[in-house]
Structure formats: structure tokens, C-alpha cells
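So the structure is just underneath, and the comments pick up after that.
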């Protein structure tokens, strides 16, 4: 199928200003949502695969340049052949000898790998004319495992064990497929940005409840601890005793402060406390996980690769696994981390650096193929007008996407006349 | 002192081809040594501070671009004022809201911070007319701690504890200062690059012994395990029973392979086995540290920041701490990690991403101020012709550098007529 060879590779640096206060947290005070976009165009421009990574500012340009360097070996490759053993390619790209020193497997070069990989999966699904979730479900366990780079996981998850995990789920898939008709809930992160004042948080939470949401997240980690505690109690009040609330400190606290604040905030019975301290401080996360039980620790948006996740799992340092295919090396490494989490019995609730566009597919696959509870998926609607097929919710429930691909097409990058 | 304000900031992408086989290891087969150089030029071009980070290929360009973005706030700052509380600036740069997402505190942006920070220290020392080691020794404990960013270390090393560690060493400094006259040994990494054939390794080791060296490192992690074992035994033979040998796998092994190979290699009584597996796999390093005792694990050249080092120390995952001021956030974070290692009683033996130029100063400071055993410092001479003041050895002993600054000036960047 010569028409599905990758003929042209482009990187685009797209930046979107947010409404005042939106996206603000303890660490990122005035973020700009930026996408480092990879496009893989097939011969004759017939199909275009789009992938991206998120960043929060002018550094986005660096990721775009890394994409241009890293993606060169994909030129001329037929997409079917490439994806037949994409795990090998993913590993080769991750270990590019000219770029590996810059990570390895983290930072700018790994964000570039995420963007490229996501474009490959989008192109693959489009070339088959199916949505990404369908493509993944249609693969045999062996085919699925062939898109993964399992290196450095050998003692826990080799190829055979990964295939076995998928095979065990096959007889259970039919029973889990009702999710395709009924969807699954979103949770609303956009009620509780750091810069929003109390009345706005309250008002947005009430609106969200009216729209059917029952789970809400609040940014904490303010320099003013009494503000954090006041707002947290207020959110519990707005959400009611039966509502699900989560607190997100965005890495702001030191371990001693995290201990104090998590102790106080736990009294409000949140489902989780997210990124209580520096994402590299696994031992601190493990200590906090022990101390705040039965409240759980959630993290992942800054965990760069499967090896760090493996360590977090082994150290019991996280419960809710917020893997993100725009931080990890794309859909491929996201799936690897999901298999590993399954092995440890931990639930995946993705962080949506992609605004949920790709993850809405992945949640369906994880639920049906691995039995991961589709508890809910983060909902951040600020960029929805820019996507050709934005994630759609019925009330507060994600609707199953039907268009071919990974829902990553951006209006401004569509060929003229397609927008 | 207006003439010592930073007037101009430049980033230069310097690349140096190596002789055939030099620098090769299990992961980097044909490296090019690249320096991402920051220059801070004072008013009238009177003094120029030079710093750099090492990378191994074309990605060096990305670090240079990150330097240009990250260094902007330094423009116009008088160097004395800047360094009076550099810890605050280091933290602000590390948390730049436009770039932080790309790490945080790792990868391209953190390499850029290393380069910038090293240039600041070079400029500071030159502005005082003293070599870096002298500048650091002349600082009061409070002044030294003011150049450090101790955030996220609070439970182990706050400002007071850091000052106390330095203060304890003050009465012992005189007794440790003989090192300034007698130097300290180098160890030779350049005998054992991966691509060198057996006879070359043997010949180079003999030459090194003739030059006074008694410690040698061999690259292992080859796809052919019998080759590794044969060469390792050969090196033991060349070095003799009293020689010190080390093996470096450059992250190549999985944990099961590392277990087998470390078991075999330990029989040859190396001082350490270096980077036995992926640098993010702290739990694997901890397991191997237990299993290969009394042989030690060494690592650090890919540990990006003080938080990861803190975790390694807490987990007993490393013994020889190969911190590198061109991987960490420069001289400042190197000193922070050194204080932390002191707290854990672990020896620092720097990895020389700087070819030993800056670290030759730091080894002197660590020995005199903290009592860190100046066991030896890695010696890699391939770039020495490019430095204005290359590290000098008397036989196999590092000679104390006397020129002002951090020995980072590169001939090709000197103003015309100074080369």
C-alpha cells in the first residue's frame, strides 16, 4: 500500500492563550497551552497523521526542533510496516545516539518522541479507517505487544508476560464493551484553577453539578495555607458529602509542608491528593502514601518514562496512575505503563496533556482489554474550539469517538477546505 | 563595580570530532564531544565568564537555544550582587514558568542551567582574580550556602544544617591543605573505550602505568558478554593485583543481565561497577548495591538533580557519587549534592563531562572543606588542546590550577589575540 508511506514530516509550534486565570496552579502562574505538533503526510497528501505533546510556553519551540531531528528515520516508511514492530522503532528513536545524552528518556527529546509516536498511531488508525480505540482492540495480543518497547522492565514484564496479560482479558471483553454505548464520566478540573477567586470556584462547581458532574479538582499549594484550607472546605461544601473531590498541589510543597497540609486536607475526605511534592522525590511520595491512607496519592503528569513508573510502583509511591501519552513516549509507552500498572493492580486515570483527545480512546481500550476501571477522565475544555473533532460529552459523560484516527487533528493545520 | 555587570550573553555550539574509537561505550558508539557554551561578557568586554555543558551530538544546538532563553534575566546584573544570593536566582531559573514543563529540573533546560551557572562562577572567580577553588574556600559558610538552592531537601539539609556542615570543617582545613601542594591522582578512562581492540587496551594501560597511573576504567556492556569478561580479566592482568580497576556498563544492562554480569565481574575485584542499568532505575541500583558488596556501585553522570540524588542516597542505591556539574545545575547544584553526600557519608568522585576542567577545582574544595577523600579524578585528555588552560597532570597527579576562574576558557572563543 504505497500510498500509505510517510512522505513528508513537519513540526508546528502552536500556542494558545487561555482566558484569564484558566490553567493557573501553584507552579505555573500564567500558562500558555502550547502544542508541539508532528504531522506525517503520506504520498500525495492523501492521509495525514497528527500527534502532539503539550508544553506551557516558549520552550515549545525546542520540542518542535527535536521532532525535526528525531523523526527523520521515519521518512519513506510505509505506516503498516512501521507499526508492525513499532516497539523496535520506538526504542531506536529513544536511544538516538546524537540525542540520547539530552535525557535519556526524559525532557525535550522524550516530549518529541511522544509527539512523533502519537502521529504514527493517528496515521495508522486513519489508514485503517477506524478510531484509535477500535484499532487497539482489533490487534492480537502479539501485535499489540509488538508496538511496545519493554526494555528495562525484563524482571517484571517481558514480552511473554505482556501477551499473557492481554490474553487473559480476551474472554472478558464482550462483557466490558457496554462502555462503548454508555460512555464514562468526566471530572472537572476547570472549576478550581489557582487564580480563580472563591466565588468563581463556587459558581463553576454549581454549573458543573447542573451539567451532571460529580467530581471536581481544586488547585492547592498556595503560599497562603489558610487560603488553601478555606477553599478546600468550600469545595467540599459545594460538592456535598457525596461529591468526589481531589486536591492538586502541582509539586509545590516540600516534604514537611506536604505532611502538614495533607494531614489537614485529608480530613475533607478527598479521593486523592495530587503531586504533593517534587515528581522526582519518589521516597517522599512513598512516605506520604503511607501517611495519608486511606486517602490516595495521585501523580504522573511529570513522570517521564516507564522506568520511573516501575520504581514508583515498586515503592508503593502512587495509587492513581496519571500517565499521560503527551509526557511519556506517546501512546506506545502509555500502553506499556498501563500493562505494568495492571500487574501491580493500580488504576490508571490519565492526566490529559492532550485535553483528553487521545486519552478518551485509551480509557476505552484499558477498560475493555485490561479491566481498568473507567472511573472518570479529566475534563479541560479550554482548547476544544481548535480541534477538528473535539472530545464530546453527553452531560458529564464522555461519548465514544467514531471518526478514524486519534482525534488529534487541529483545525488550523488541516489542508485548506477541510477546516 | 559597574564594570563587572553582565552586558552581553552568548551561547556557542562547539563540536569536536574524536580520534577513531575514543569515547565509545556500550550506548554511545561514535560520540562527538559537544559543548553548549555560555559566555557572559562584562561592560567593555573587560572580563568574560565561560561555562558549558557536555552533550554528545547534534542535540547540542537545543541546549544552546535553551541557554539563550533561560539566561535573559542575568543581563545587566552585577556579578557580585548576583552571586551574593545565587541560590535564589538558580531556583528562579530552574522554575522559569515558560520552560519548567520541559523538565522539570532535567533534560535540555537543566543542561542549559548548568552551562549558565558555570559561566557565572567562572566570571565571579575572574572578577576576584582567583581560581575557583580559592574563591570557594574564601567564602564564609553563610556565603557558600547562599549560592545553593536547597529546595526539596528540607527534611535532610536545610540552610542551617548546610552551614553547620561547613562550619564543622573549618578547623580541619589547614591540615587538609597539603593537597594544594601535592595534588591528587587521576584515573585513566581512556585506556578502555569500547571500540578499542584488546591489544590497544593493553598497550594504553602499560603506557598509563609508565606515566604513573594506577587506576583504570574499562567499558563493558558489549552485546558479546564473553568479550566483556575476556577484556575485564585482561585489564586485571595488565593492571596487576595491586592496580585499581573499574568497569562501566553505561546503562546497557537490564536488571537480570546486570545481576549475572556484575556477579562475574566482581570476581576480578574492581573498585566499582558503574551505571550497571538505566539511570532512572533506582530500585535496581539499590538491589545491585546489596548483591555485589563489597564491590561498590558508582553512578551519577545521568542523575539530573539533587532530588534524584537524595532518593539514591536514601535508598542506598549508590556508593561512589559521580556527580557532574555539567549534568546537574552547574557548580551550585554540584555543591548541594556534595553536602548531601557528606551527610550520608558517601564519597564524591566526579564524572568529568567538563573533561576535568571545573572538577579539578571542586575536588580541592571538597577535600579541604568537607574532608571528601580525593581518591582520584577521572582523566580524559581528548579535548585538552582546545582549552586555554587545560588541566595539567604531573605524571598521574592533578596539579593545582592557579589561573583566575574555573579553567573553562576555550581557545576558539577567546577575543582575537588572546588565543
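Structure summary
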item: Separation of alpha-carbon centers, segment B:114-182 and segment A:1-55, rounded to whole Å; result: 44 Å
item: Between segment B:260-330 and segment A:202-269, the alpha-carbon center distance in angstrom; result: 39 Å
item: Potential lengthening between residue A:84 and residue A:138 on full extension [0.36 nm per residue; Cα-Cα distance subtracted]; result: 18.1 nm
item: Chain A Cβ-axis minimum, rotational copy B, residue and distance in Å; result: A:107, 1
item: Rounded to 5, percent antiparallel among DSSP beta bridges of chain A; result: 55 percent
item: Percent antiparallel among DSSP beta bridges (both partners in the protein assembly as shown, rounded to 5); result: 55 percent
item: Under the Debye formula (equal points on every Cα, no solvent term), log10 I(q)/I(0) of segment B:2-129 at q = 0.16, 0.17 Å⁻¹; result: -0.77, -0.84
item: Helical mean residue ellipticity (222 nm; -39500 (n - 2.57) per DSSP H run of 4+; nearest 500) of chain A; result: -12000 deg cm²/dmol
item: Order of A:89, B:10, A:50 under a 10 Å beta carbon neighbour criterion, fewest first; result: B:10, A:89, A:50
item: Relative exposure of B:55, B:226, judged by other C-beta atoms within 10 Å (fewest first); result: B:226, B:55
item: Helix B:282-292 axis, angle to chain B major axis (alpha carbon atoms, nearest 10°); result: 40 degrees
item: Distances in nm from residue A:143 to the matching label points in the other copies, shortest first (labels 7 Å along Cα to Cβ); result: 6.9
item: Ascending list, in nanometres, of distances separating the residue B:91 label from those of the other copies (7 Å, Cα toward Cβ); result: 4.3
item: Nm distances between copies for residue A:160, ranked from closest, using label points 7 Å along Cα→Cβ; result: 5.8
item: Two-site FRET efficiency, residue B:43 against residue B:385, from Cβ-Cβ distance with R₀ of 25 Å, rounded to 0.05; result: 0.20
item: Part-to-part distance (alpha-carbon centres) for segment A:350-376 and segment B:65-97, which is given in Å; result: 40 Å
item: Cut-off 19 Å (backbone N to label point 7 Å along Cα→Cβ of residue B:199), residues of segment B:16-40; result: B:20-22
item: For A:181, B:176, A:306, A:327, order by how many other beta-carbon atoms lie within 10 Å, fewest first; result: A:181, B:176, A:327, A:306
item: For the protein assembly as shown, average projected area of the Cα convex hull in nm²; result: 34.6 nm²
item: Estimated FRET transfer efficiency when R0 is 60 angstrom, pair residue A:75-residue A:242 (beta carbons, to 0.05); result: 0.65
item: Acute angle (nearest 10 degrees) that the helix B:159-169 long axis makes with the longest principal axis of chain B, alpha-carbon atoms; result: 70 degrees
item: Label-point separation in nm, residue A:154 to residue B:402, each point 7 Å along Cα→Cβ; result: 5.3 nm
item: With Cα atoms, 0 to 90° folded angle of helix A:198-210 axis to chain A main axis; result: 60 degrees
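No lab work stands behind these numbers, since they all come straight from the coordinates. The shown structure was predicted, so the numbers you read here are calculated from the model rather than taken from an experiment. We place every Cβ from the backbone using ideal geometry, glycine too, and count neighbours over all the protein chains shown.
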